[in-house]
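*Asks:* This is the structure I want to talk about, given as structure tokens.
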Amino acid sequence: MNLVRPEFSEIWVYLSGSPLFALVLTLVAYQIGLSIHLFFGRSPLANPVVLAVVIVACTIGFIDMPYASYFEGAQFVHFLLGTATVSLAIPIYRGFSELKARGLQLLITLCVGGLTSIVSAVGLGMLFKIDPLIAGGFYAKSVSTPIAMGVAEQIGVSPTLTAVYVVCTGMLGAMFTTLLLNTLGIRAWWVRGFATGVAAHGLGVSRAFAVSAEAGAYASLGMGLHAILGAIFIPFLYRCAAGWL
């Protein structure tokens with residue numbers, strides 16, 4: 001037994017220190033989360049991304065792996081976020097005819113939804129007297145992660161902290177949007193999808209596709225348009241708010 005333990009320990013040290021371990025852990029954690037999600041009948045409360053985050057966080061905490069080491073291995077997944085964001089041009093192009101037909105409604109929804117996400121979060125931050133450098137990440141929390149991190153750099157707040165806000169927003173949106181929309185009696189799939197995409201970006205889009213192809217298409221459209229307008233106008237709104245406050 002004494003001869004086996006050192007060998008196993010050496011193997012474990014090698015695996016836990018290898019960048020490949022973090023990538024495999026990320027993919028396996030998501031697969032486990034997806035399996036649980038399907039087992040519970042695609043319940044929004046059993047969101048696969050939320051479950052994967054919990055599994056990864058518990059694992060790297062248990063083995064005492066620094067986040068920097070984990071990110072070094074999982075950065076390929078992070079890289080794909082940028083390409084996924086660029087690919088949003090596809091649903092926008094496909095839905096361009098419907099976008100023209102419902103352009104005014106969607107534009108109003110986009111502007112009101114985007115402003116509400118900022119005002120509600122920043123307002124709560126001011127109410128609880130949160131440090132402005134921390135609360136600054138709230139401005140971009142409802143756009144996709146790569147855009148939000150870029151905006152954070154422009155306005156001088158932490159991109160990492162902003163990414164945390166974005167992920168939390170997406171997870172909460174994916175978990176509770178269906179319940180909220182059902183409670184409000186909103187049945188039209190295009191309305192539900194577009195609102196979800198504006199409010200909860202990529203995770204909301206994945207949830208929308210899980211329940212309806214139409215909802216997923218409009219969620220992609222909402223996410224893409226919000227990302228474009230957010231990248232342009234959020235830095236401007238931040239500077240205006242900073243000067244006014």
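The values are calculated or read from the model by the stated rules, or taken from the named source; none is laboratory data. This one's a predicted model, so the numbers in the text were calculated from it and none came from an experiment. FYI the Cβ positions are ideal-geometry reconstructions off the backbone, even for glycines, and counts take in every protein chain you see.
*Asks:* Might you check whether a residue that is closer than 26 Å to VAL191 by Cα, at pLDDT below 90 and not hydroxyl-bearing (Ser, Thr, Tyr) occurs anywhere in segment 12-34?
*Replies:* no
*Asks:* While we're on this one: Checking PHE96 against (1) of a type in the set (Phe, Trp, Tyr); (2) over 18 Å from the mean Cα position of the chain (by Cα); (3) not assigned by TED's automatic domain parsing to the domain that holds THR162, which test does it fail?
*Replies:* Answer for PHE96: the failing condition is (3).
*Asks:* Turning to a different aspect of this structure: Any residue at all in segment 132-141 that's in contact with a His (Cβ under 8 Å, 6 or more places away or on another chain) and either in a helix (DSSP H, G or I) or crowded, with 21+ Cβ neighbours inside 10 Å (or both)?
*Replies:* No, the conditions are met nowhere in segment 132-141.
*Asks:* Pairs, please: C-beta under 9 Å, at least 6 apart or cross-chain, first residue among the aromatic types (Phe, Trp, Tyr) and in segment 28-57, second at pLDDT 90 or above and part of a helix (DSSP H, G or I)?
*Replies:* Hits for this filter: TYR30/LEU51; TYR30/ALA52; TYR30/ILE55; TYR30/VAL56.
*Asks:* Checking VAL86 against (1) closer than 19 Å to CYS168 by Cβ; (2) without any contact (Cβ under 8 Å) to a residue 60 or more places away in the chain; (3) aliphatic (A, V, I, L, M), only one condition comes out false. Which one?
*Replies:* Of everything listed in (1) closer than 19 Å to CYS168 by Cβ; (2) without any contact (Cβ under 8 Å) to a residue 60 or more places away in the chain; (3) aliphatic (A, V, I, L, M), VAL86 misses just condition (1).
*Asks:* Same structure, new question: Which one of the conditions (1) under 20 Å from VAL50 (Cβ atoms); (2) among the hydrophobic types (A, V, I, L, M, F, W, C); (3) surrounded by fewer than 18 Cβ atoms within 10 Å (Cβ to Cβ) does VAL167 fail to meet, given that it meets all the rest?
*Replies:* It is condition (3) that VAL167 fails.
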